[in-house]
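Below is one structure, written out as structure tokens, with a few remarks after it.
No lab work stands behind these numbers, since they all come straight from the coordinates. Everything quoted here is computed from the prediction, not taken from an experiment. Ideal geometry is used to build each Cβ from the backbone, glycine not excepted, and the neighbour counts take in all protein chains shown.
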Amino acid sequence: MIKKNDDNTFYGDLFENFSDHLNTPKPDPISKIKKNKDRKIFRVKDLNKIVKTQLESDFSGIWVEGEISNAKLHSSGHFYFSLKDKEAQIRAVMFKGMYSYLKFTPENGIKVLLKGSLTCFIKTGSYQINAKYMETKGLGSLQLAYEQLKNKLQSEGLFDPTYKKNIPMLPQKIGVITSPTGAAIRDILSVINRRYANVNIIIYPVRVQGDEAKFEIRNAIKYFNKKLADTDVLLIGRGGGSIEDLWPFNEEVVARAISDSIIPTISCVGHEVDFVISDFVADLRAATPSSSAELVIRDKLEIKKQLDYSKSILKKIMANFIQNYAQDIDYLNERFQLLVKNTFDKKAYKLGLLHSRLINLSPHAITSRGYAIVKDLNNQVRPLESFKVNDQINIKGYNTELFCEILKMKTLEKKSKDK
């Protein structure tokens, strides 16, 4: 029913009923909660434990894909990160035991697919994924690990050609690190025996695939450097296979052992199209194990041929040297003889002048000019004032000698220089 008010507005029964409802007292929710006698009270820790158990039961072995962010490798070895997509993110952890099996290094921005379980961290009540396995989306995990390690070692200078050691031309002792039963060792021995059989070969047997292979290869390299340091060169490799088969030669421990080796190293892994990290670190890369033997041991006939060629070249060089410098030698010889003659002539001229001076100063030359020499009876030349009256003297001229007795002496006055 519709009614009209004095102000010409209308209202109906519905409005009256709504007004009545508004005026009805509302029940108190707090009092209702208080009246509930069946209270089951949880401690926070207990509640989180229940959530943890329920999550791990209902969400065990789930696969989740997303992009890694907030990546942090703790000093404990545990890896903490977040997994996100465009609309959400979730925390995750991979503990040290499982993280150590990863072939690649998880980094921010890498899209991954992981398997794990939902769990709750009891202390904070936050839920997270406990990752047990992880692989990359797009680029394969092994390929990503390969590129990451390659870039890391290259930035450290382990591939720098300036640090590469020369491979000896004629090694006397060769170390081979490979499987004792594989095709690689047979190929290496066959080539060496065919090309130059009288060489000392030391084989260090190792596994060349599997998780333990990297440690055996590293230990073999260290053994040669410590116990057999007089080894001339090391061949490190194996035959062909899948990327998983060749993976020990992509491991960091093997790469660093090769880099630290004092003995020159040759990496010979797989086939020509296969490239592993050890190829870049070693002093020389061989495409195959057979080619490594060809590189390290030269054929006897080839060596003899090169020696004969070097001998003929040396003879030509010596002949040209003698021919080119023979004229120079003759010229230098003439110059030397002329220099000796000129030096001798100059010395002879000076000697002649000295001789003439000495002759002019001799007593004989003086008497030839009209002078005389006065001596006593002992044939001693004495000044005249040293004699006295009645002394007997000897007066010697150029060709006459007088024996006299002094009858009278007279001292002469010195003439003035001004007169």
Original post:
Among 321-333, 171-183, 92-104, 261-273, what's the highest-first ranking by average C-beta atoms within 10 angstrom per residue?
Top reply: 261-273, 171-183, 92-104, 321-333
Original post:
Per residue of the chain, what 222 nm ellipticity follows from adding -39500 (n - 2.57) for every DSSP H run with n ≥ 4, rounded to the nearest 500?
Top reply: -13000 deg cm²/dmol
Original post:
Hull surface divided by four, with the convex hull built on the Cα atoms of segment 146-298: how many nm²?
Top reply: 8.0
**OP:** Quick one: what are the phi-derived ³J(HN,Hα) couplings along segment 116-133, Karplus 6.51/-1.76/1.60 with θ = phi - 60°, whole Hz, x for glycine and proline?
**Re:** x, 9, 6, 8, 10, 7, 4, 5, 10, x, 8, 9, 7, 9, 9, 7, 10, 8
Original post:
Can you give me the pair-distance distribution of segment 306-350, C-alpha pairs, 10 Å bins, whole percents?
Top reply: 24, 25, 19, 15, 10, 5, 1
Original post:
When N is the residue count of segment 44-138, what does its C-alpha Rg come to as a fraction of 2.2 N^0.38 Å?
Top reply: 1.06
**OP:** Apply the Debye scattering formula to segment 365-405, with a single equal point scatterer on each alpha-carbon and no solvent, then give log10 I(q)/I(0) at q = 0.29 Å⁻¹.
**Re:** -1.03
Subject >> Within segment 306-350: Cβ-based charge dipole about Cα centre, in debye rounded to nearest 20 (Lys, Arg +1; Asp, Glu -1) >> reply: 240
Subject >> Filter on K49/K86; K137/K222; K132/K222; K165/K315; K165/K227 - keep pairs with C-alpha separation over 28 Å >> reply: K49/K86; K137/K222; K132/K222; K165/K315
Subject >> Percentage of interatomic Cα-Cα distances in segment 247-386 larger than 18 Å >> reply: 79
**OP:** Can you bin segment 180-239 into rounded, prolate or oblate? Criterion: square roots of the alpha carbon gyration tensor eigenvalues sorted a ≥ b ≥ c, rounded for a/c under 1.5, prolate for a/b above b/c, oblate for the rest.
**Re:** oblate
Subject >> Between segment 99-172 and segment 322-354, the Cα center-to-center distance that results, in Å >> reply: 80
Subject >> aspartates and glutamates with Cα under 12 Å of K72, excluding same-chain neighbours fewer than 8 positions away >> reply: E107
**OP:** Provide the three semi-axes, in whole Å and in decreasing order, of the ellipsoid equivalent to segment 229-286 as defined by the square roots of 5 times the Cα gyration tensor eigenvalues.
**Re:** 20, 12, 9
Original post:
Semi-axes of the equivalent ellipsoid of the chain: what are they in whole Å, largest first, if each equals the square root of 5 times a C-alpha gyration tensor eigenvalue?
Top reply: 117, 44, 23
Original post:
From the square roots a ≥ b ≥ c of the eigenvalues of the alpha-carbon gyration tensor of segment 102-205, which class results: rounded (a/c under 1.5), prolate (a/b over b/c), or oblate?
Top reply: prolate
Subject >> Choice from R238, R91, R285 showing the highest fluctuation, given a GNM over the chain with Cα pairs closer than 10 Å >> reply: R91
Original post:
Based on Cβ point charges of +1 for Lys and Arg and -1 for Asp and Glu, what charge dipole magnitude is obtained for the chain about its Cα centre, in debye rounded to the nearest 20?
Top reply: 2260
**OP:** For the chain, calculate the relative contact order in percent as a whole number, restricting contacts to Cα pairs under 8 Å that are 6 or more residues apart.
**Re:** 9
